[in-house]
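**Q** Structure in structure tokens, see below.
The values are calculated or read from the model by the stated rules, or taken from the named source; none is laboratory data. These figures come from a predicted structure and were not determined experimentally. Cβ placement follows ideal geometry from the backbone for every residue including glycine, while neighbour counts extend to all protein chains displayed.
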Amino acid sequence: PEEIKQEIVVSSPIVIGHRGAAGEAPENTLASFKLAAEQGSHMVELDIHLSEDGRLIVCHDETLDRTTDMSGAICSLRSDVIREADAGSKFSPSFAGERIPFLEEVYDLLPEQIEINVEVKDSRGTQFDEVLLNFLRADNRLDRTVVSSFDHKLLLRLKQAEPELRIGLLYAADLIHHAAYAALLETEVWSLHPHHELIGADDAEDAIAAGLHIYPYTANHPAQWDRLISIGVTGIITDFPGRLKEHLRSV
Ligand code: G3P
Ligand code: CA
């Protein structure tokens with residue numbers, strides 16, 4: 001009998017650098033995104049807010065207090081003031097002088113093949129949706145972007161206004177059925193971004209069968225990576241993209 005040849009496709013999850021490579025460089029700075037890119041990330045994750053004068057600012061927290069030498073709420077500060085903050089020294093003196101980036105600087109810095117997962121933290125600013133969508137529509141940025149948020153109403157609104165936009169649902173809830181939740185929204189969802197401990201093998205299988213990507217956050221340890229790989233997630237968000245890349249080479 002003729003031998004049956006079956007091609008076994010082993011697919012690795014993509015490596016998504018969390019706030020760049022936040023384990024090894026000051027989070028959400030150009031130094032962090034550069035390092036994540038050099039370490040072979042396929043995608044980087046970052047967080048955005050709107051400054052008082054309507055600029056898209058890359059920062060996780062609502063205020064400057066934790067990560068910089070300044071204080072105050074981003075939404076009530078002008079961008080030229082925000083730019084005075086040192087976003088590197090608190091991580092390590094060797095990063096002194098790193099600035100809080102404008103979103104366009106990250107797009108300009110990274111090679112086009114590196115995708116960008118923009119997490120919207122605060123969409124309350126005046127005309128936030130328009131500011132973000134106008135930014136993404138320029139320079140083919142939509143093609144390399146996935147916008148995620150814990151605010152699913154915002155994602156639905158953005159998707160309705162811009163059908164080309166890829167949206168990712170972020171959640172820390174222990175959902176009864178992940179793919180069913182996405183289907184309930186009755187819009188095309190690109191990816192699920194569950195907390196990494198909250199997704200199991202059956203959920204992952206159903207989500208992939210439904211055509212969804214699964215990008216759990218934020219897994220930093222080999223045992224966590226191994227579990228996620230074994231259930232078939234399509235990407236892993238990590239503070240250590242270099243280590244994850246190395247780990248994927250060894251499994
Ligand atoms: O986007 C995944 C993850 O970053 C969500 O949580 O608090 O790190 O922004 P947080
Ligand atoms: Ca985030």
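**Q** Residues that are assigned to a loop (DSSP other than H, G, I, E, B), without any contact (Cβ under 8 Å) to a residue 60 or more places away in the chain and aromatic (Phe, Trp, Tyr): does the range 87-94 have at least one?
**A** Narrowing the range 87-94 to residues assigned to a loop (DSSP other than H, G, I, E, B): 87-92.
Adding the requirement that they be without any contact (Cβ under 8 Å) to a residue 60 or more places away in the chain leaves 89.
Subsequent filtering for residues that are aromatic (Phe, Trp, Tyr) retains none.
No, the conditions are met nowhere in the range 87-94.
**Q** I would also like to ask the following. Being surrounded by 15 or more Cβ atoms within 10 Å (Cβ to Cβ), among the small types (Gly, Ala, Ser) and in a helix (DSSP H, G or I) is the filter here, so list the residues in the range 67-82 that pass it.
**A** Residue satisfying the conditions is SER79 alone.
**Q** Only one residue in GLY97, GLY168 is over 27 Å from HIS196 (Cβ atoms) and either touching a helix residue (DSSP H, G or I) at 6+ places or on another chain (Cβ under 9 Å) or without any contact (Cβ under 8 Å) to a residue 12 or more places away in the chain (or both), so which one is that? Lay out the reasoning, then the answer.
**A** Values: GLY168 fails: over 27 Å from HIS196 (Cβ atoms).
None of the other options fit; the residue is GLY97.
**Q** Looking at LEU50, LEU64, LEU56, can you tell me which residue is modelled with pLDDT of 95 or more, surrounded by 21 or more Cβ atoms within 10 Å (Cβ to Cβ) and either out of contact with any strand residue (DSSP E or B) (no Cβ under 7 Å at 6 or more places or on another chain) or of a type in the set (Phe, Trp, Tyr) (or both)? Give the derivation first.
**A** Details: LEU50 fails: either out of contact with any strand residue (DSSP E or B) (no Cβ under 7 Å at 6 or more places or on another chain) or of a type in the set (Phe, Trp, Tyr) (or both); LEU56 fails: either out of contact with any strand residue (DSSP E or B) (no Cβ under 7 Å at 6 or more places or on another chain) or of a type in the set (Phe, Trp, Tyr) (or both).
Result of the check over LEU50, LEU64, LEU56: LEU64.
**Q** With respect to ALA204, is the statement that it is surrounded by 14 or more Cβ atoms within 10 Å (Cβ to Cβ) and over 21 Å from GLY20 (Cβ atoms) true?
**A** Details: surrounded by 14 or more Cβ atoms within 10 Å (Cβ to Cβ): yes; over 21 Å from GLY20 (Cβ atoms): yes.
Criteria met by ALA204.
**Q** If you don't mind, another one. Scan the range 127-179 for residues that are more than 16 Å from ligand 2 (Cβ to nearest atom) and touching a strand residue (DSSP E or B) at 6+ places or on another chain (Cβ under 7 Å) and report the count.
**A** Number of matching residues: 10.
**Q** Further question: Yes or no: SER123 surrounded by 21 or more Cβ atoms within 10 Å (Cβ to Cβ), under 29 Å from LEU156 (Cα atoms) and in contact with a helix residue (DSSP H, G or I) (Cβ under 9 Å, 6 or more places away or on another chain)? Full working, then the answer.
**A** Numbers: surrounded by 21 or more Cβ atoms within 10 Å (Cβ to Cβ): no; under 29 Å from LEU156 (Cα atoms): yes; in contact with a helix residue (DSSP H, G or I) (Cβ under 9 Å, 6 or more places away or on another chain): yes.
So SER123 fails the test.
**Q** Could I ask something else about it? Between LEU136, LEU156, LEU184, which is away from ligand 1 (no atom under 16 Å from the Cβ) and surrounded by 21 or more Cβ atoms within 10 Å (Cβ to Cβ)?
**A** On the way: LEU156 fails: surrounded by 21 or more Cβ atoms within 10 Å (Cβ to Cβ); LEU184 fails: surrounded by 21 or more Cβ atoms within 10 Å (Cβ to Cβ).
Just a single option satisfies the conditions, and that option is LEU136.
**Q** For SER149, state whether it is among the small types (Gly, Ala, Ser), within 16 Å of ligand 1 (Cβ to nearest atom) and buried (at least 16 other Cβ atoms within 10 Å of the Cβ). Before the answer, list the steps.
**A** Values: among the small types (Gly, Ala, Ser): yes; within 16 Å of ligand 1 (Cβ to nearest atom): yes; buried (at least 16 other Cβ atoms within 10 Å of the Cβ): yes.
When the stated conditions are applied, SER149 passes them.
So that you can scan it fast, the table gives a plain yes or no per residue for (1) away from ligand 1 (no atom under 16 Å from the Cβ); (2) aromatic (Phe, Trp, Tyr); (3) in a loop (DSSP other than H, G, I, E, B); (4) farther than 19 Å from PHE150 by Cβ:
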| residue | (1), (2), (3), (4) |
| --- | --- |
| ASP47 | no, no, no, no |
| ILE57 | no, no, no, no |
| GLU84 | yes, no, yes, yes |
| ASP108 | yes, no, no, yes |
| PRO111 | yes, no, yes, yes |
| GLU119 | no, no, no, no |
